[in-house]
Amino acid sequence: MTGTPLFFTIIFSVVLSFAAKAQKYNSYSKKIDSIITASTPLSFNGVVLVSKNAKIQYLKASGYRDFEKKIPLKTDDLFEIMSNSKQVTAVLILQAAEQGKLNLQTPVKKYLPSLTQSWADSVTVHHLLNHTHGITDIDKPSAFKAGSQFKYGNLSYMLLGQILKNTTGKSFTELATSLFKKLKMEKTFVYNTQNNQSPVPGYRSENNQFEKVKESFLNDEIVPAAGIVSTVQDLAKWNQALFTGKLLSPEYRKQMLIASTTSQHNVFGKESMGFGYNVRIIQESGLNYFGVTGLGDGFTCLNVYFPSVDTSLIILENQMPKNSEYWSFKEAAIKNAVLKSITSP
């Protein structure tokens, strides 16, 4: 009989533990609900996913895939993920380096012999990966010495796509498609005007009025920088593979995820923070985590991974505000809600 009180104490403690976890989930669940349903200062139009230990904790779609026809979004709809695409290119480059097909510290002239500017002899693959190359135009001198400054853009990742083709003998689309198949990212593909799997249309928004983007800026050359189409569920699979070491060896994974320069982004605060190979290394509210953003073509994207709790937050919107003051506004608010739930006692 003496063991009975102890038994009930243990059971009670377990129940309290589950209740606390449920309450913590509800804390961000209800907050996200309020953010995506609020129409001020702008409406949310997209899909939000939170997963923990590879299991979905929160998944909701809000708004329309087609405003004219009033067709609502679905949670498995396809979105252009814009600069989130660069992470795929970075992984493919690092995999090629692992296989000995290229060297990150070698000047790009070796892999792109047609380049004529002098910077081709000093800019390395590493500089292209972390946006410290200084190249503004392949036919013009560089804006600054390689490695001395950070300047974000698409050009370096377009060049990395060409390097992949020259060193592996396969196109970016071939390499990326093979990688997605391996990861069972069954709805993810490289943008192609001939592809029948159409993503949702993108919209430019102002005062909660939505104007469809009539012509995409995507083409074959820019896809290594911005041309992946995916879903929130597939991007959660990507995070699991990348951050748990299934894509790269420890050596190359470390190179990708270590801060080799710094950059500022409003979603993560006003101060400059670490930047690796197209991944932001953030320290906020006493927590270290990784993030990547995407914006353009009528789309807004955010992908965040919190390693200490194996949690992904992925937000895909098919709207981009015309007013830059509101770029990634809802994304930042949702990220802050999840961050607060993780860091609160």
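Just so you know, all these numbers are worked out from the coordinates, no wet-lab data involved. Everything numeric in this text was worked out from a predicted model, so none of it was measured. Neighbour counts are summed over all protein chains in view; Cβ atoms, including those assigned to glycine, are modelled from backbone coordinates with ideal geometry.
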Quick check on this structure: which one of Gly161, Gly134 is out of contact with any strand residue (DSSP E or B) (no Cβ under 7 Å at 6 or more places or on another chain), crowded, with 19+ Cβ neighbours inside 10 Å, of a type outside the set (A, V, I, L, M, F, W, C) and part of a loop (DSSP other than H, G, I, E, B)?
Gly134
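Hey, can you tell me all the residues within region 259-290 that are in a loop (DSSP other than H, G, I, E, B) and polar (S, T, N, Q)? I'd like the intermediate steps shown before the answer.
At the first step, the residues of region 259-290 found to be in a loop (DSSP other than H, G, I, E, B) are 259-260, 264-265, 269-272, 276-279, 285-286.
Across region 259-290, the qualifying residues are Ser260, Gln264, Ser272, Asn278, Ser285.
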With (1) within 16 Å of Ser328 (Cβ to Cβ); (2) crowded, with 19+ Cβ neighbours inside 10 Å as the list, and Pro41 as the residue in question, which single condition is left unmet?
(2)
Candidate set: region 271-300, residues that are touching a residue at least 60 places away in the same chain (Cβ under 8 Å) and hydrophobic (A, V, I, L, M, F, W, C); chosen: the one nearest to Glu206 (Cα to Cα):
Phe299
Residue selected from region 301-345 under the condition charged (D, E, K, R) and touching a residue at least 12 places away in the same chain (Cβ under 8 Å), by the criterion surrounded by the most Cβ atoms within 10 Å (Cβ to Cβ):
Glu317
Lone qualifier among Lys86, Lys101, Lys60 - being in contact (Cβ under 8 Å) with a residue 24 or more places away in the chain, basic (Lys, Arg), crowded, with 16+ Cβ neighbours inside 10 Å and closer than 19 Å to Lys254 by Cβ
Lys86
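For every residue, the table says whether it meets (1) acidic (Asp, Glu); (2) in contact (Cβ under 8 Å) with a residue 60 or more places away in the chain; (3) closer than 18 Å to Tyr252 by Cα.
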| residue | (1), (2), (3) |
| --- | --- |
| Val108 | no, no, no |
| Ala120 | no, no, no |
| Ile138 | no, no, no |
| Leu160 | no, yes, yes |
| Gly169 | no, no, no |
| Glu174 | yes, no, no |
Could you check how many residues of region 81-107 are over 25 Å from the mean Cα position of the chain (by Cα) and hydroxyl-bearing (Ser, Thr, Tyr)?
1
Restricting attention to region 327-345, and to residues there that are among the aliphatic types (A, V, I, L, M) and over 19 Å from Asn45 (Cβ atoms), which single residue is farthest from the chain's Cα centre (by Cα)?
Ile342
Hey, can you tell me all the residues within region 118-130 that are outside any helix (DSSP H, G or I), surrounded by fewer than 22 Cβ atoms within 10 Å (Cβ to Cβ) and in contact with a Lys or Arg (Cβ under 9 Å, 6 or more places away or on another chain)?
Ser122
Going by what's in this entry, would Lys254 be described as closer than 23 Å to Gly274 by Cβ, of a type in the set (Lys, Arg) and part of a helix (DSSP H, G or I)?
yes
Return the only residue of Val213, Val190 being touching a Gly at 6+ places or on another chain (Cβ under 6 Å) and closer than 14 Å to Ser85 by Cα.
Val190
Quick check: is even one residue across region 108-117 in a loop (DSSP other than H, G, I, E, B), within 23 Å of Val292 (Cβ to Cβ) and more than 21 Å from the chain's Cα centre (by Cα)?
no
Check off (1) surrounded by fewer than 14 Cβ atoms within 10 Å (Cβ to Cβ); (2) in a strand (DSSP E or B) for Glu215 and give me the number that stays unchecked.
(2)
Counting only residues that are in contact (Cβ under 8 Å) with a residue 60 or more places away in the chain and in a loop (DSSP other than H, G, I, E, B), which one in region 64-83 is surrounded by the fewest Cβ atoms within 10 Å (Cβ to Cβ)?
Glu68
